[in-house]
Structures are given as structure tokens and as C-alpha cells.
């Protein structure tokens, strides 16, 4: 994957101090979103380039984490809607990375679920122990969740207002 450069970025007019670029990954478009609230755009861009080098591994591990965390709920919904039960491996294959957002210390991967319109899973990727040993934590839009969720929301609102 080619490196991203400052002149490649497009300003997101809807969100102050937010920039984006689309990259091709596994034959699909993935939006890279850089929100430079606490860090410079150059710092976020360097982090994004490092993440892109390791993206296949991080993507695989993130999907495994999400499948393991959500398989029971996913199968309960399938049962209610007359769909067959899925294995974790099947659920992983249904996930498609749609965006990566770099926001303060947070790196969030957004996954669409094929065949389930308007459903998205979001996982925060922590690289504090290095790219080979990432840690994951799912977060939700409708409930405070540990790992800086409130700080994310506060930072977002500070940018918007």
C-alpha cells in the first residue's frame, strides 16, 4: 500500500480539523479519517502510514475479536429473523473494513456486516504494546464505555461547538 502524504488529504467540511482520504484495501474503498484535535496532522499521518503497513494483521485480529465478542448476539438476532446460526469464522468473513479513524489517542476500525444493512461494528485498536500485540475494545455510540469514551465524546463536541 502506498504511503499517504499531506497533499493527498481532503478537508472534511462537515467536521472542523478533520481530513480524509480513501485507500484501496482488499479491492474495496476504506476511508482514512484524521481528526487533528490533540495531535498535529503530520503526527496522525505518520501513525496512519504505520498502521497501513500492518493493516492485514490488524484487520484479521480485529475481526476475530469482534466475532468472538458479538457471535451470541448475532445468532440471537439471526434466530429471531429466521436466519441460520453462524460460526465465528463465518461472521468474520461477513465483516468488511469501511473506515479507520485516528482521533486523539484512539484508532477506531469501522466494519460493515454484509447482508445486514446499516449495521456496523466499531473497535478501538490500542497499539501500546506494539503492532504485533494490539489490544482491542469495542465501543458503542449509545452507552459510555471505558477506555476514553467520554473523552472521545467531549473532544468531538469541543470540535463541533
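For the reader, a short list of remarks on this structure follows.
- Antiparallel %, DSSP beta bridges [both residues in the chain], to 5: 85
- Mean ellipticity per residue at 222 nm, deg cm²/dmol - from DSSP H runs of n ≥ 4 across the chain, formula -39500 (n - 2.57): -11500 deg cm²/dmol
- When you restrict to C-alpha pairs under 8 Å that are six or more residues apart and normalise by the size of the chain, the relative contact order lands at 18 percent.
- Sites residue 22 and residue 60, calculated FRET efficiency, Cβ-Cβ separation with R0 22 Å, nearest 0.05: 0.55
- In terms of overall dimensions, the C-alpha atoms belonging to the chain reach 48, 35, 32 Å along their principal axes, ordered largest to smallest.
- Gain upon complete extension [residue 85, residue 129; 0.36 nm per residue less C-alpha separation]: 12.3 nm
- Where labels lie 7 Å past Cα in the beta-carbon direction, separation of residue 31 and residue 13 in nm: 1.5
- 0 to 90° range, to nearest 10: angle between helix 41-53 axis and the chain longest Cα axis: 40
- Computed over the chain with a Gaussian network model linking Cα atoms closer than 10 Å, the most mobile of 112, 78, 12 is 78.
- Using a Gaussian network model of the chain in which every pair of alpha carbons under 10 angstrom is joined by a spring, one finds that among 29, 61, 80 the greatest mean-square fluctuation is at 80.
- GNM result for the chain, Cα springs below 10 Å: residue of 14, 48, 99 fluctuating most strongly: 14
Laboratory data are not the source of any read-out in this text; all were calculated from the coordinates shown. In this text the structure is predicted, and so the values were computed from the model without any measurement. For neighbour counting, all protein chains shown are included, and Cβ atoms are generated from backbone atoms with ideal geometry for every residue, glycine included.
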